[in-house]
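A short write-up of the structure that comes next.
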């Protein structure tokens with residue numbers, strides 16, 4: 001039994017407002033709410049709602065025989081929640097029928113798989129969580145942003161526990177092979193791979209209304225006729241489409257909705273095909289072979305590679321700069337930073353910076369609010385510069401109390417110094433005694449450290465020299481050292497460790513160290 | 001003494017430095033008791049007439065059948081509008097203008113000779129048409145007004161000045177604010193060059209805005225040195241209130257380029273110097289404010305050097321934004337390859353921003369409290385920027401003395417020198 005596997009991609013980015021140099025460091029609001037709302041409303045009304053209705057009717061009519069799958073990015077879900085809640089409800093009703101599979105993908109429709117495996121995994125997890133929260137189902141099949149796939153990405157996806165992944169049936173990876181079979185990942189054969197039948201998919205997405213095309217117009221019967229021409233041994237026809245094809249890229253007036261209304265009926269009455277979803281196909285079909293994809297492929301443009309998003313200097317710089325923040329951002333527990341981190345990753349920002357206009361200019365211009373890739377880059381970099389400042393400045397919990405404690409610390413050091421000084425003036429012979437006294441004072445303070453919070457310690461030690469710390473902590477218990485050490489700034493800590501190391505190596509005697517403290521204290525007056 | 005002055009723009013409707021300079025000069029002349037009739041191609045009605053009587057050339061009608069005017073046509077030739085004549089357009093605008101230009105070129109002659117003509121007074125597609133029309137009107141206006149001297153600013157108005165002189169026999173002074181070589185490097189528009197050369201040859205005196213320009217006028221146009229006088233520009237004292245409460249929003253030092261992003265302004269050298277500074281100290285931000293035909297190239301270069309997070313573009317700045325930009329700046333750089341004068345550094349200094357200027361700028365002849373480097377010396381430029389960012393004593397000195405210095409550059413003084421030029425040619429007559 002042959003299958004048709006419909007998969008629809010739903011995504012909307014948070015487009016940036018005009019963000020100027022003067023805003024950097026001052027204004028942290030990056031998004032064009034009016035524009036985003038307008039587009040979401042338009043797409044919901046022209047595409048999501050009417051098309052969902054059609055699918056709902058098919059499910060009502062054909063029951064379990066009619067199945068489709070969707071992937072909806074986290075950003076699209078968020079925007080529907082904000083601007084078109086009725087669209088979310090509509091998708092919920094579809095999922096509730098049990099005939100609609102929701103696929104996993106990256107939360108932000110990001111290119112993280114190409115750059116940062118850790119971020120990739122974080123986003124996939126975040127997306128699955130969001131899908132479960134909104135639709136009550138846990139995704140089991142995976143599709144990456146823009147169907148980007150390589151052997152390596154597939155292997156990582158397999159490690160995350162997915163059984164099947166979707167990608168483009170690009171000519172240059174298939175060669176003479178047909179996309180209409182189940183394949184397997186070349187590194188980890190446990191991951192099954194479904195390949196998009198780009199000819200039949202593009203007949204709908206790109207050529208449906210193209211009147212210069214000899215096959216125009218396509219009717220459901222004609223399309224089924226093409227399906228029937230496929231070699232009967234082949235197992236599955238993967239039709240992977242942008243959901244906005246219906247009503248947005250192909251307007252209602254082209255007849256696209258009528259086509260979709262008629263298609264299932266024509267399939268059932270004129271062919272052997274049934275509808276299926278990736279998860280069901282993964283259970284049913286065995287891979288015919290591994291598919292070798294050493295370099296990333298995608299479903300975009302003639303090249304079916306990633307050059308729509310990466311490759312020119314504008315794209316590469318902004319992309320690299322963004323991902324250089326990953327490590328830091330993941331440690332920051334701040335919902336605003338996390339939100340912007342997601343939104344800034346969406347692949348669309350890099351798509352707007354694409355300079356290869358000629359073959360796919362029309363698609364690139366769609367929904368693009370920038371007059372040129374240069375403007376897209378300038379605006380994005382201004383936003384990113386502000387975001388970088390925020391990430392850089394983010395020091396959880398210390399900032400507020402710093403001043404006070406630094407003051408206390410330095411007062412104490414002065415006090416010890418002054419006392420030692422008085423003693424010295426009285427009789428230089430008694431100097432050592434005074435210093436000893438000073439040391440005795442140091443120890444209790446450090447004892448108090450045991451009871452201080454990390455934040456306070458951080459403040460206290462911020463202004464102390466590494467040398468002082470080494471001396472002060474030389475006889476301290478390991479517990480105390482452990483309490484202080486993590487709170488040092490990176491530079492001080494390094495210096496501290498170097499000094500400690502140096503001391504061990506040179507095996508300085510205790511007297512020498514005491515001498516150092518003496519010198520330090522002397523230097524204070 | 002009465003002066004008939006031909007200009008192309010007048011505040012507040014200005015696109016470049018020419019209108020500002022004309023305004024300052026006329027105000028200075030008024031202080032010395034001179035009367036100025038100022039002709040502009042298009043008046044909007046809200047121009048300041050405190051120092052001049054404004055004549056709107058769009059309101060002047062001509063009799064197209066008059067032989068003298070018809071014969072003038074022979075000398076006004078049709079010229080293609082090239083990118084360099086249009087001083088302030090971005091890359092997209094340029095494409096658009098070129099396109100319009102191709103469409104518009106046909107009926108050129110008939111429109112110039114129409115009875116009434118509405119000037120745009122801009123630097124657009126119809127520039128050559130407007131220049132030709134302006135010249136036609138020059139003589140017509142000259143017969144209708146009473147004056148002693150004709151003064152024409154830049155090539156756009158030279159033909160009008162020459163026509164007025166031919167009609168009335170009054171002495172002509174032409175003012176060279178920028179030569180074709182400053183606008184276009186070596187790839188000059190020969191038609192514009194010819195207008196400039198003829199204007200200067202016909203003039204009784206040529207005023208240049210710097211010795212640099214004077215030298216070009218003598219060397220490249222073959223004008224008699226005795227006829228050429230340098231009068232440096234000045235700057236209007238700021239009448240704007242300080243930006244109250246304006247706070248710089250970034251921690252880093254801000255280094256600014258502000259001007260047209262075109263070849264002769266040397267934007268490339270600014271980008272390369274920025275790279276050198278950022279290698280040493282990442283805590284500096286660079287800003288390139290303005291637009292022009294080299295903008296995209298600069299953006300691509302910045303991306304290639306991977307410094308887009310520290311090097312920002314603002315596009316064309318209007319009104320308050322220029323003041324805001326200065327208020328945010330710690331260093332201003334003008335790396336011009338060729339700058340007849342260069343008024344922007346003076347504006348920066350007036351806003352307490354220390355400046356680095358190229359030695360190839362006219363303004364460097366008169367400024368003491370500015371760091372001067374050769375435009376090609378990116379190491380020197382980087383050094384100067386780094387020094388002004390890090391050594392407070394240096395920047396504070398420049399700010400303090402720079403402000404005094406700029407305040408002493410008054411249009412009144414420049415106007416005095418212009419008046420002396422008038423006196424001489426008037427006496428000779």
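The values are calculated or read from the model by the stated rules, or taken from the named source; none is laboratory data. Fair warning: this is a prediction, and the values are worked out from it, not measured in the lab. Counting neighbours? That spans all protein chains shown, and the Cβs are built from the backbone with ideal geometry, glycine included.
When the range A:140-154 is examined, which residues are found to be out of contact with any strand residue (DSSP E or B) (no Cβ under 6 Å at 6 or more places or on another chain) and farther than 14 Å from residue A:300 by Cα?
Matches in the range A:140-154: A:140, A:150, A:151, A:152, A:153.
Scan the range A:13-29 and give yes if some residue there is without any contact (Cβ under 8 Å) to a residue 24 or more places away in the chain and either in contact with a helix residue (DSSP H, G or I) (Cβ under 7 Å, 6 or more places away or on another chain) or part of a helix (DSSP H, G or I) (or both), otherwise no.
For the range A:13-29, residues without any contact (Cβ under 8 Å) to a residue 24 or more places away in the chain and either in contact with a helix residue (DSSP H, G or I) (Cβ under 7 Å, 6 or more places away or on another chain) or part of a helix (DSSP H, G or I) (or both): present.
Residue-wise test of (1) at negative phi; (2) modelled with pLDDT of 95 or more; (3) over 21 Å from the mean Cα position of the chain (by Cα).
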{"site": "B:315", "(1), (2), (3)": "no, no, no"}
{"site": "B:319", "(1), (2), (3)": "no, no, no"}
{"site": "B:333", "(1), (2), (3)": "yes, yes, no"}
{"site": "B:346", "(1), (2), (3)": "yes, no, no"}
{"site": "B:354", "(1), (2), (3)": "yes, yes, yes"}
{"site": "B:381", "(1), (2), (3)": "yes, yes, yes"}
{"site": "B:395", "(1), (2), (3)": "yes, no, yes"}
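Check A:369, A:364 and return the single one that is at pLDDT 75 or above, surrounded by 14 or more Cβ atoms within 10 Å (Cβ to Cβ), more than 18 Å from the chain's Cα centre (by Cα) and away from chain B (no Cβ under 14 Å).
None of the others qualify; the one that does is A:369.
Could you list all residues from the range A:214-230 that are out of contact with any helix residue (DSSP H, G or I) (no Cβ under 8 Å at 6 or more places or on another chain) and closer than 17 Å to residue A:249 by Cα?
Result: A:216, A:217.
Does residue B:279 count as away from every other protein chain (no Cβ under 14 Å), without any contact (Cβ under 8 Å) to a residue 40 or more places away in the chain and part of a helix (DSSP H, G or I)?
yes
Kindly evaluate residue B:356 against the criterion of being more than 14 Å from every other protein chain (Cβ to nearest Cβ), touching a residue at least 12 places away in the same chain (Cβ under 8 Å) and either part of a strand (DSSP E or B) or surrounded by fewer than 18 Cβ atoms within 10 Å (Cβ to Cβ) (or both).
Spelling it out, residue B:356 is indeed more than 14 Å from every other protein chain (Cβ to nearest Cβ), touching a residue at least 12 places away in the same chain (Cβ under 8 Å) and either part of a strand (DSSP E or B) or surrounded by fewer than 18 Cβ atoms within 10 Å (Cβ to Cβ) (or both).
Within the range B:317-337, take every residue that is touching a strand residue (DSSP E or B) at 6+ places or on another chain (Cβ under 8 Å) and in a loop (DSSP other than H, G, I, E, B) and give me the one that is farthest from residue B:363 (Cα to Cα).
Here the residue is B:317.
Of all the helices (runs of 4 or more DSSP H) wholly in the range A:204-302, which have at least 2 residues that are in contact with a strand residue (DSSP E or B) (Cβ under 6 Å, 6 or more places away or on another chain)?
Result: A:278-284.
In this structure, does residue B:212 turn out to be within 26 Å of residue B:294 (Cβ to Cβ) and modelled with pLDDT of 90 or more?
yes
Evaluate the following for residue B:238: is it surrounded by fewer than 17 Cβ atoms within 10 Å (Cβ to Cβ) and closer than 23 Å to residue B:27 by Cβ?
Considered against the rule, which asks whether it is surrounded by fewer than 17 Cβ atoms within 10 Å (Cβ to Cβ) and closer than 23 Å to residue B:27 by Cβ, residue B:238 comes out as yes.
With the requirement that a residue be out of contact with any strand residue (DSSP E or B) (no Cβ under 8 Å at 6 or more places or on another chain), assigned to a helix (DSSP H, G or I) and either in the same structural domain as residue B:343 (by TED's automatic domain parsing) or farther than 23 Å from residue B:238 by Cβ (or both), what does the range B:415-429 give you?
Scanning the range B:415-429 gives B:419, B:420, B:423, B:427, B:428.
Would you check if there is a residue in the range B:217-238 being within 12 Å of chain A (Cβ to nearest Cβ), out of contact with any strand residue (DSSP E or B) (no Cβ under 9 Å at 6 or more places or on another chain) and not in a strand (DSSP E or B)?
no
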